[in-house]
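Here the structure comes first, spelled out in structure tokens, and everything after it is commentary.
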Amino acid sequence: VYIIDEAHMLSQAAFNAFLKALEDPPPHVVFVLATTEPRKIPLTVLSRCQHLQFKRIPVSLIKQRLQFICIKENINATEEALYTIASNSEGSMRDALTLLDQVTSFTENVTQDNVNLLIGGTDVNLLYELTESLIDGDREKIILKVEELNDFGTDFKRLTGDLINFIRNALISKITKSSKLHITELE
């Protein structure tokens with residue numbers, strides 16, 4: 001078994017040379033081309049391959065696994081913190097485990113504040129204040145809060161994503177009459 005990771009990075013000449021081996025491989029050989037960008041693989045190569053599409057792991061499954069690990073390793077972790085780690089891993093168990101490992105390297109308690117400190121996440125109270133100001137149309141309060149965040153060194157790209165998720169969750173919570181604020185694709 002030959003695994004070619006990041007196969008989309010091969011040059012055109014490399015693909016041309018590899019094409020001969022793909023057309024007539026030895027019976028005991030299997031080639032695995034791993035890539036995150038299959039559109040960059042030439043069609044002549046793709047047409048000779050079986051394509052398997054991997055999906056991101058749902059947030060709820062990542063969170064369950066993190067809870068299992070925390071129990072086995074005697075790590076104190078809040079549900080909110082594990083949810084934040086799981087949702088920030090973007091469907092990757094490896095990334096979630098790395099985040100958990102990074103948080104536990106500087107604290108014994110995995111809390112929302114500790115996770116936010118590591119990933120640069122936004123405090124829920126701040127998101128609530130901003131959302132309330134947006135709904136009320138209090139432009140002065142919004143400008144002052146944004147100025148304060150800028151002075152603090154906030155990553156505004158991150159803040160925008162957190163704010164969108166917060167508003168999305170609040171809307172879903174209101175529409176479904178659920179008191180749960182964190183809603184995943186499986187809940």
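A few points about this structure:
- Here residue 66 meets the list (1) under 21 Å from residue 162 (Cα atoms); (2) crowded, with 20+ Cβ neighbours inside 10 Å almost entirely, failing just condition (1).
- When residue 175 is tested against (1) in a loop (DSSP other than H, G, I, E, B); (2) open to solvent by 40 Å² or more (accessible area, probe 1.4 Å), just one condition goes unmet, and that condition is (1).
- Every pair of residues 6+ apart whose Cβ atoms lie under 9 Å, when the first sits in the stretch 64-85 and is outside any helix (DSSP H, G or I) while the second is open to solvent by 100 Å² or more (accessible area, probe 1.4 Å): 75/108; 76/108
- Residue match in the stretch 56-65 (condition: modelled with pLDDT under 90, of a type in the set (A, V, I, L, M) and within 22 Å of the chain's Cα centre (by Cα)): no
- Close pairs (7 angstrom Cβ cut-off, 6 or more residues apart or separate chains): among the hydrophobic types (A, V, I, L, M, F, W, C) in the stretch 11-25, assigned to a helix (DSSP H, G or I) and open to solvent by 40 Å² or more (accessible area, probe 1.4 Å) anywhere: 19/44
- Residue check, residue 8 within 21 Å of residue 91 (Cβ to Cβ) and either in contact (Cβ under 8 Å) with a residue 40 or more places away in the chain or loosely packed, with under 13 Cβ neighbours inside 10 Å (or both): no
- Flag: residue 99 matches the condition of being open to solvent by less than 60 Å² (accessible area, probe 1.4 Å), touching a Ser or Thr at 6+ places or on another chain (Cβ under 9 Å) and closer than 30 Å to residue 122 by Cβ.
- Criterion: over 20 Å from residue 161 (Cα atoms), among the small types (Gly, Ala, Ser), surrounded by 15 or more Cβ atoms within 10 Å (Cβ to Cβ) and at pLDDT 85 or above - qualifying residue of 86, 77: 77
- Pair list, Cβ < 7 Å and 6+ apart or interchain, from the stretch 28-53 residues that are farther than 14 Å from residue 16 by Cα to residues that are open to solvent by 90 Å² or more (accessible area, probe 1.4 Å) and of a type in the set (A, V, I, L, M, F, W, C): 30/1; 32/1; 32/3; 34/3
- Which numbered condition residue 37 fails, given (1) farther than 30 Å from residue 12 by Cβ; (2) open to solvent by less than 50 Å² (accessible area, probe 1.4 Å); (3) charged (D, E, K, R): (1)
- For the stretch 98-148, the tally of residues that are touching a Phe, Trp or Tyr at 6+ places or on another chain (Cβ under 8 Å) and modelled with pLDDT of 90 or more stands at 1.
- Criterion (open to solvent by 40 Å² or more (accessible area, probe 1.4 Å), closer than 14 Å to residue 85 by Cβ and among the acidic types (Asp, Glu)) met by exactly one of 138, 155, 151, 113: 113
- Residues in the stretch 1-25 that are among the hydrophobic types (A, V, I, L, M, F, W, C) and part of a strand (DSSP E or B): 3, 4.
The values are calculated or read from the model by the stated rules, or taken from the named source; none is laboratory data. Predicted model only: the values in this text are computed from it and were never measured. Positions of Cβ are backbone-derived with ideal geometry, glycine not excepted, and every protein chain shown enters the neighbour counts. What goes into the accessible areas is simple: the full protein's heavy atoms, side chains included, and nothing from ligands, DNA or RNA. Shrake-Rupley method; radii C 1.70, N 1.55, O 1.52, S 1.80 Å.
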